[in-house]
1. With +1 on each Lys and Arg Cβ and -1 on each Asp and Glu Cβ, how big is the dipole of the chain about its Cα centre, in debye rounded to the nearest 20?
2. Can you give the helix-only mean residue ellipticity at 222 nm for the chain, where every DSSP H stretch with n ≥ 4 adds -39500 (n - 2.57) and the sum goes over all residues, rounded to the nearest 500 deg cm²/dmol?
3. Kirkwood hydrodynamic radius (Cα pairs, Å) of segment 85-161?
4. Please find, in a Gaussian network model of the chain (springs between Cα atoms separated by less than 10 Å), the residue of PHE212, PHE290, PHE80 whose mean-square fluctuation is greatest.
5. For segment 276-390, just say rounded, prolate or oblate: build the C-alpha gyration tensor, square-root its eigenvalues into a ≥ b ≥ c, call rounded for a/c under 1.5, and beyond that prolate if a/b exceeds b/c, oblate if not.
6. Would you kindly state how much longer the chain becomes between GLU47 and ASP294 on full extension, computed as 0.36 nm times their sequence separation minus their alpha carbon distance, in nm to one decimal?
7. Give me the dipole magnitude in Debye, nearest 20, for segment 250-390 about the Cα centre, with unit charges on the beta carbon: positive for Lys and Arg, negative for Asp and Glu.
8. Which one, THR149, LEU71, VAL159, is farthest towards the positive end of the dipole of segment 45-200 when Lys and Arg carry +1 and Asp and Glu -1 on their Cβ?
Amino acid sequence: MPIDFELTPALQALQTRIRTFIADEIIPLEGDPRRTPHGPTEDLRRELIDRARSAGLLSPQVAREYGGLALDHAGRAIAFEEAGYSPLGPIALNVFAPDEGNMHLLDAVATPEQKERWLRPLAAGAIRSCFCMTEPAPGAGSDPSMLTTTATRDGDQYVINGGKWFITGADGAAFAIIMARVVDAGATMFLCDMNASGIVLERSMGSLDSCFPGGHGVVRFDALRVSSSDVLGEIGKGLRYAQVRLSPARLTHCMRWLGAVRRAHDVATDYARRRHAFGRPIGEHEGVGFMLADNEMDMHVARLAIWHCAWVLDRGSLGLHESSRAKVIVSEATWRVADRCVQILGGQGVTDESIVARIFADLRAFRIYDGPSEVHRWSMAKRILKGRLD
């Protein structure tokens, strides 16, 4: 079949608009003191959102009826890479995790009433959300079947008890999507206001990254009561819905981080042109020049993996195998790119005087969240051995 890598005129125009917007409106804010170790403050987030809204670039992934541009996955690959060029870009365009994945899940599964209550303000950037699934041992991590948080039916309500951690964006989120196990039914998703009685945000966890609004929280549910009308989808289908969310979500992580390391590569390339040692620009020494070439190859392969998986998703497949493959390829390739950029910059690469150091620290967790590389390789190997590729 024919393969065409040329962008449509509409996508080319959108790429240019976002690239210009990030350069002119967002990068100048990267030194803003409202950037904290637990992500941008709510005040800064709202300013970023307002700028993207004024530029007509807010929430490009959601349907037009919710104020978005209705981009398909292939279109998101272009837009999200450009947004990722600045650590603040995904926040401005409202395409950051976990909100972007939650918007996709709500659009696919939620009732019309739930969409009006939760999706519409989320797509407008008026609120933030979190996704409560990961648990401390012996609970669910990479193996979601180990879920220990329970939801017990009591009349027209469910009573939820349990604990979660590494919950991105929990501090300041307006609502949560909670994964809990219903006896005799299985994993189920629930929607709930974060200020509800029974939800306790125990603490925010220190972490290498500082790019996610609200940081990463430890959350406890003490006899939390949730109405049966706030069940997301059907009882017992939580793991199925998690796959609906996770395949696109892990791919959009790939898109954003590719944009981030493209920024790091641009900074390192500029430095390699200007910095002299041993009588010539350091980029002319093979030790540095070869690293730049390796960067370009890693980014090219990563982009191809992203575009192919987006193509698969746009054709209606869950893309489980393709998204696992892309997640491993891109998370490991982008890490190599960021590491080389630090090395090229030398001392500047490990100080807060360069954006590259921030990208390097923020990026490390990408090989872990949404499934560590080892788990994806394991699941891919099982499909290969069974001959059951998507």
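1. 560
2. -14500 deg cm²/dmol
3. 14.7
4. Maximum fluctuation in the GNM of the chain, among the listed residues, is at PHE290.
5. Because a/c hits 1.5 or more and a/b exceeds b/c, segment 276-390 counts as prolate.
6. 85.2 nm
7. Using only the charged Cβ atoms, the result is roughly 480 debye.
8. After comparing all options, I get LEU71.
The values are calculated or read from the model by the stated rules, or taken from the named source; none is laboratory data. Everything numeric here is computed off the predicted structure, so don't read it as measured data. With ideal geometry, Cβ positions are generated from the backbone for all residues, glycine too; neighbour counts draw on all protein chains shown. Heads up: the accessible areas ignore ligands, DNA and RNA and are worked out on the full protein's heavy atoms, side chains in. Shrake-Rupley method; radii C 1.70, N 1.55, O 1.52, S 1.80 Å.
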